[in-house]
Amino acid sequence: MANTDLTAPRLKSRIEYSRITIEHVYPQLDAGRYPIKRIVGDSCRVGADIYMDGHDLIAARARFRGPNDRVWRSVEMSYDYDTDRWNAEFPLDVIGLWRFTVEAWPDSFGTWLAELRKKVAAGHDVAVELLEGAQVITNTLPNSDPCAHRELQTAAKQLCDPKLKLEDRLKVAFAPELATNMAGLVNESHITRHRREYHLMVDRPEARFAAWYEMFPRSQGTEPGKHGKFRDAEKRLRRLAELGFDVVYLPPIHPIGITHRKGPNNSLTAQPADPGSPWAIGNSDGGHLAIAPELGTVEDFEQFVKHAADLGMEIALDYALQCSPDHPWIHEHPDWFVIRPDGSIKHAENPPKKYEDIVPFNLWCEDRDNLWNACKEILDYWIERGVKTFRVDNPHTKPFVFWEWLIASIKEEHPEVIFLSEAFTRPKKMQGLAKLGFTQSYTYFTWKNTAAELRELFTELHSTELVQYFRGNLFTNTPDILHAYLQKGGRPAFRVRLLLAATLSPLYGIYSGFELCENVAIREGSEEYLDSEKYQIRVRDWEAPGNINDDIQALNRIRRENPALQTQGNLAFHPTDNEQLIFYSRTMWRNDLLILVNLDPNNRQAGMADVPVGVLGLAPDSSYEVEDLLTGRRYEWRGVRNYVDLDPAVRAGHVLRVVR
């Protein structure tokens, strides 16, 4: 009796089925929802699980398309028996958004050739097999290269020509030329393509490797209390270039509001001469598209940017989507802000902190299309004036979909632009911002000061999926953060934190005054600086006694000379018998670094460090030489366990290169 079960699944049309399964394609992020990140000059290594029923061989290739490619390119994938994975690699030679996928098909020619070899070796009659081979070749002729077409036709005729001796026909079958001509030839209808394309965002090298310096241009004059100009700040650039910095980051350079302007130390009352907080953007002189007249003109700023470029540096601007109560948009577009029931505009706050001088945008307002476009126009304006890097203020307080749209829109037109996320928030939010487009991100480094804390944070940053998309920029301090470790540890603490920041990540930064070991807080238990530069002008002597300029210059030189410090994912921690000594390695081909740091800024610490001799390719009991790149001294070490003694008054640690 026929099966009348109406609940049985119906067969789909034959065209929807494939013999080949392609899964677990790598690299990808959230099943392809977001692009992974790479740097121009890298290669993309693609892996996939590919299999099919039966014993037929498979052929596969990775298809890829760069931002300037009009057609897809492809590279053959190879099979690794031990891992049961298919792999390929292609170069990333242009910045911008790339796409790739994987496709596979039954390898009819490879299967036929492998079976023919087995049967010949077994002494079987292979006359029919040779006819089958001719048929396989003939089926691929429509897809063959014109240069190889005639040779393939000839080979097919010879394989099925009974007048030729068997040994001559076998020579044709096993000829390397035939395999070469057949490589990659496939009937398009036999191809199984993976169900989706994956994306890569390829950035310029500075997206992954750079040393940042944060500077208030208004504090670059020479007279205490007198407002500096871009021309004064321009004179400071050579010093920063000599110290080895790549990026000079400026807080907002726009006109500053008058209403509720903050005075020194965040006081609610400002005197007429008080400059106010740069983050209170906008007054009668303009808003986000204007420059504070006290700093100079647009032409002065463009000259400042050009001079930095001539010295091998670039200028990063702060992108803060907020206004002062005096910003022109307050009157022109009041619907872009949150209006409270009493008719007042809601100011920014993060209880218990209040920012009466700042008004946030309502990016979900009814007129959000125009507001969003206005926000994009801010970036367009400064990009036209030579700015390629933006530090984004508190992005986690704005809609994520806004950032995804904004960053994608900018990078489609200007793929060279870099966005640094200043998001000190919960881990998933920080990571989410990185996924949707931010090039770099602040981290929790400022608050990680013990060996256990550092190991936990940087094992995650270097050894998990975060390597694919999250680039941590380690700032030792900011205008908002003066950690207790720096307040209480004196000059040795600054040297320790500098050494850690410069060697734990390819991206790091310092804020002005760090090189002078400024460490006085406004009060006990606070991370706010006394006489914070956020609210007043600070003129400094950059060569004052006790500075650590030499440390900065040396570390930036070491970073540039050692490729192992310029990438992510190559860090490993190693044991010591003293928890005040942290030991880690950064390794690349022919560049192996062993880094030891005394985390105790107040006391001398000593102990045994376990060197990863196996990873370094050294015998367990061999002797080897290491050079301290900070001092130039060389030491003879032997085997795994070696003695380390660090006095913080003399040196914060060692950056040891294994001498080959």
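The values are calculated or read from the model by the stated rules, or taken from the named source; none is laboratory data. Fair warning: this is a prediction, and the values are worked out from it, not measured in the lab. Here the Cβ is made from the backbone with ideal geometry for all residues, glycine too, and neighbour counts use every protein chain on show. Keep in mind that these areas ignore ligands, DNA and RNA; they rest on the heavy atoms of the full protein, side chains included. Shrake-Rupley method; radii C 1.70, N 1.55, O 1.52, S 1.80 Å.
Return the total of residues in segment 570-583 being surrounded by 15 or more Cβ atoms within 10 Å (Cβ to Cβ), out of contact with any Pro (no Cβ under 8 Å at 6 or more places or on another chain) and touching a residue at least 40 places away in the same chain (Cβ under 8 Å).
Here the count works out to 7.
Tally time: how many residues in segment 617-643 are crowded, with 16+ Cβ neighbours inside 10 Å and over 19 Å from Asp551 (Cβ atoms)? Give the derivation first.
Let us first name the residues in segment 617-643 that are crowded, with 16+ Cβ neighbours inside 10 Å, namely 618, 624, 626-630, 637, 640, 642.
With over 19 Å from Asp551 (Cβ atoms) added as a condition, the list becomes 618, 624, 626, 637, 640, 642.
Final tally of qualifying residues: 6.
How many residues are part of a strand (DSSP E or B) and either β-branched (Val, Ile, Thr) or without any contact (Cβ under 8 Å) to a residue 40 or more places away in the chain (or both) when one looks only at segment 41-73?
8
Considering (1) within 21 Å of Ala572 (Cα to Cα); (2) in contact with a Pro (Cβ under 9 Å, 6 or more places away or on another chain), say which one Leu433 fails and leave the rest.
Here Leu433 clears every test but (1).
Condition first: in contact (Cβ under 8 Å) with a residue 24 or more places away in the chain and open to solvent by less than 70 Å² (accessible area, probe 1.4 Å). Now tell me which residues in segment 75-90 satisfy that.
Within segment 75-90, Met77, Arg85, Trp86, Asn87, Ala88, Phe90 meet the criteria.
If you go through segment 584-594 one residue at a time, do you hit one that is surrounded by 17 or more Cβ atoms within 10 Å (Cβ to Cβ), within 15 Å of His654 (Cβ to Cβ), free of Cβ contacts under 8 Å to residues at least 60 places away in the same chain and among the aromatic types (Phe, Trp, Tyr)? Break it down into steps so the answer makes sense when it comes.
Quick first cut of segment 584-594, residues surrounded by 17 or more Cβ atoms within 10 Å (Cβ to Cβ) only: 584-587, 591-594.
If we keep only those that are within 15 Å of His654 (Cβ to Cβ) too, we end up with 584-586, 592-594.
Cutting the leftovers down to free of Cβ contacts under 8 Å to residues at least 60 places away in the same chain gives us 585.
So of that shortlist, the ones also among the aromatic types (Phe, Trp, Tyr) come out as none.
No: segment 584-594 contains no residue that is surrounded by 17 or more Cβ atoms within 10 Å (Cβ to Cβ), within 15 Å of His654 (Cβ to Cβ), free of Cβ contacts under 8 Å to residues at least 60 places away in the same chain and among the aromatic types (Phe, Trp, Tyr).
Could you check, for segment 141-152, whether at least one of its residues is of a type in the set (Asp, Glu), open to solvent by less than 90 Å² (accessible area, probe 1.4 Å) and under 45 Å from the mean Cα position of the chain (by Cα)?
The answer is yes; a qualifying residue exists.
Residues that are under 30 Å from Lys435 (Cα atoms) and either in a loop (DSSP other than H, G, I, E, B) or not hydrophobic (A, V, I, L, M, F, W, C) (or both): does segment 100-121 have at least one?
Taking segment 100-121 first, the residues under 30 Å from Lys435 (Cα atoms) are 100-104.
This time we only want the ones that are either in a loop (DSSP other than H, G, I, E, B) or not hydrophobic (A, V, I, L, M, F, W, C) (or both), so: 101, 103.
Yes, that holds for at least one residue.
Table: residues versus (1) touching a residue at least 60 places away in the same chain (Cβ under 8 Å); (2) open to solvent by 10 Å² or more (accessible area, probe 1.4 Å); (3) assigned to a helix (DSSP H, G or I).
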| site | (1), (2), (3) |
| --- | --- |
| Trp403 | no, no, yes |
| Glu412 | yes, yes, yes |
| Phe438 | no, no, no |
| Ala452 | yes, yes, yes |
| Glu456 | no, yes, yes |
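So Val172 clears everything in (1) on the phi < 0 side of the Ramachandran plot; (2) surrounded by fewer than 18 Cβ atoms within 10 Å (Cβ to Cβ) except one condition, right? Which one?
Going through the list (1) on the phi < 0 side of the Ramachandran plot; (2) surrounded by fewer than 18 Cβ atoms within 10 Å (Cβ to Cβ), Val172 breaks only (2).
Are any of the residues in segment 312-320 surrounded by fewer than 21 Cβ atoms within 10 Å (Cβ to Cβ), among the small types (Gly, Ala, Ser) and closer than 30 Å to Glu206 by Cβ?
The answer is yes; a qualifying residue exists.
Taking the conditions exactly as written (basic (Lys, Arg), within 22 Å of Gly286 (Cβ to Cβ), open to solvent by 30 Å² or more (accessible area, probe 1.4 Å) and not in a helix (DSSP H, G or I)), does Arg231 satisfy them or not? Write out each step before concluding.
Values: basic (Lys, Arg): yes; within 22 Å of Gly286 (Cβ to Cβ): yes; open to solvent by 30 Å² or more (accessible area, probe 1.4 Å): yes; not in a helix (DSSP H, G or I): no.
It is false that Arg231 is basic (Lys, Arg), within 22 Å of Gly286 (Cβ to Cβ), open to solvent by 30 Å² or more (accessible area, probe 1.4 Å) and not in a helix (DSSP H, G or I).
Name the residues in segment 327-362 that are open to solvent by 90 Å² or more (accessible area, probe 1.4 Å) and either aromatic (Phe, Trp, Tyr) or in contact (Cβ under 8 Å) with a residue 40 or more places away in the chain (or both), would you?
none
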